[in-house]
Amino acid sequence: MNKINPLFILLFSIVIFLVSLTTLNESKNTLKVLKDEKKEYLKIAINYSMLQKAWGDTSLAQKNIEFMLKAANIQNAKINTHQKELIIDIKNASIKSIDKFLNKVLNDKIIIKDLTLTTNSLFMKVEL
Amino acid sequence: MYKKIKNKNKLLYLTKTSNFSFEESVDLILSPELYWVRIFDIPLPNEKQVLSVVSTFFEDFIDVENYKYYIKKQEDNKYLCFAYDESQIIDLIKSAGLNLSQVGNIHFAQNEFKSFPENEFVSESSFKIDDSYYIYQDNILIKVPSSFISPLEVQTIDLELVSLSKYKISINYNSKYIDLKSIYILSVVFIFISAINFGKLYVSCNSINDITNEQAKIKEKYKMMPTIMQTISVLKTFEKTEKRQLNLRKELVKVFNSKKKNITKVSVKNYKVSYE
């Protein structure tokens, strides 16, 4: 068997070294990109979670509205649900009660689609 | 006597005029014309220490800068010292028609023929190889003209019968600028750094896996959509809704706080506020 030329051993070790260096650099770059992506991902996740809780969860909207009507002492409000919309129709109510109810609605995260307000009535469509 | 080793490769005798045609691996015996050999009394305990000073003993015969040295201890403070020109040997191997990678062990003729079987008809230690005559004189093998020896008294050595000694040299075939030791040291250094790099690569790959797992945990914790694209799409819808609703509330507050006393009706249609 012929002897292995030591220069081939050196060349082989250099090739291994270069391969290891290149692979390590690629891996480091991938890691850096992934770390940046993770930061961005976390930022998106927090925003999503926050906004989802604020505007995405409409399941409690009807209960909240009913609670607000009671708090504003409005008895004669009609509440109907139509195609993912909650329609609130208040007639012949005091301006004070309407003002109190509207203040509560505006301070809550309720998606108002339509609103018609007069001194003694309020008509509102809320997204469910 | 020294230990004999069994020859695995074809044995060739290299002289300044050799010409071979072999393709298999070979071992070489260097003719005396390819090296200098002297016995020196040097008061040092071992070959290694002798090697470090031996060049000064050859200064009178050769240009010591171009030579390499090999030491064989004979007895206490007495050493058989060889000096050889590596580049000359490499050139001769090439000119003899051999490939450098074919060459296995290289031996000095000085060490290889001492135990050759003698017979009663030949002079005590003279012999013939490839039409050249050699004789041991004062324990040093020298090449002699044929006229010095009677051809009838000389035995021709069959290289097939020679058992090589353990005394051999290694030739750096590779470069004048880098020796064999440096090549191996560099190789080890590169392999060592490569091993460290692969270790770091392993850690890096683990970190990549960890990040992927962490993203899955984040997704679960914040109850995100199945894909990031869906999440971003829904997020944009939420942002749009928030912007519209906050603007709507601002507009309504503006209307409620306006100084106009005669507003009787406020309407919101398509996120636009109007009043009468």
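Quick note: the coordinates plus some simple rules give every number you see, no bench work behind them. Not measured: the values here are computed from a predicted model. No Cβ is skipped: glycine too gets one built from the backbone with ideal geometry, and neighbour counts run over all protein chains shown.
Model label points for B:N19 and B:A216, set 7 angstrom from Cα along the Cα-to-Cβ axis, are 7.4 nm apart.
The label point for B:E160 and the one for A:I87, both projected 7 Å from the Cα toward the Cβ, are 11.7 nm apart.
Can you tell me how segment B:177-223 classifies by the Cα gyration tensor, rounded, prolate or oblate, using a/c under 1.5 as the rounded cut? In terms of gyration-tensor shape, prolate.
Specify the residue with the greatest mean-square fluctuation among B:D179, B:D138, B:D27, computed from a Gaussian network of chain B linking alpha-carbon atoms under 10 Å apart. Among B:D179, B:D138, B:D27, the largest mean-square fluctuation in the Gaussian network model of chain B belongs to B:D138.
Quick check on segment B:4-173: take the gyration tensor over C-alpha atoms, sort the square-rooted eigenvalues as a ≥ b ≥ c, and tell me if it's rounded (a/c under 1.5), prolate or oblate. Cα axes put segment B:4-173 in the oblate bin. Once the Cβ-Cβ distance of B:E33 and A:V19 is raised to the sixth power relative to R0 = 41 Å, the FRET efficiency obtained is 0.30. Given a 10 angstrom Cα cut-off, can you work out which residue in B:T56, B:T15, B:T231 is the most mobile in a GNM of chain B? Maximum fluctuation in the GNM of chain B, among the listed residues, is at B:T231. For segment A:1-47 versus segment B:40-99, the spacing of their alpha-carbon centroids is 47 Å. Counting only Cβ charges, +1 for Lys and Arg and -1 for Asp and Glu, the dipole size of the protein assembly as shown around its Cα centre is about 6140 debye. Remark: spin-label model distance B:K254-B:N99 equals 8.9 nm, labels positioned 7 Å along the Cα→Cβ axis. Extension gain for B:S207-B:V189 works out to 3.8 nm (0.36 nm per residue, less the C-alpha to C-alpha distance). Where in segment B:210-227 is the amide nitrogen less than 19 Å from a point lying 7 Å along the Cα-to-Cβ axis of A:K53? The answer is B:217-225, whose backbone nitrogens lie closer than 19 Å to the label point.
Please label the shape of the protein assembly as shown as rounded, prolate or oblate, based on the square roots a ≥ b ≥ c of the eigenvalues of the alpha-carbon gyration tensor (a/c under 1.5 means rounded; beyond that, a/b larger than b/c means prolate, else oblate). Prolate, since a/c reaches 1.5 and a/b exceeds b/c. Result for chain B in a Gaussian network model with C-alpha springs under 10 Å: among B:F256, B:F113, B:F58, the largest mean-square fluctuation is at B:F256.
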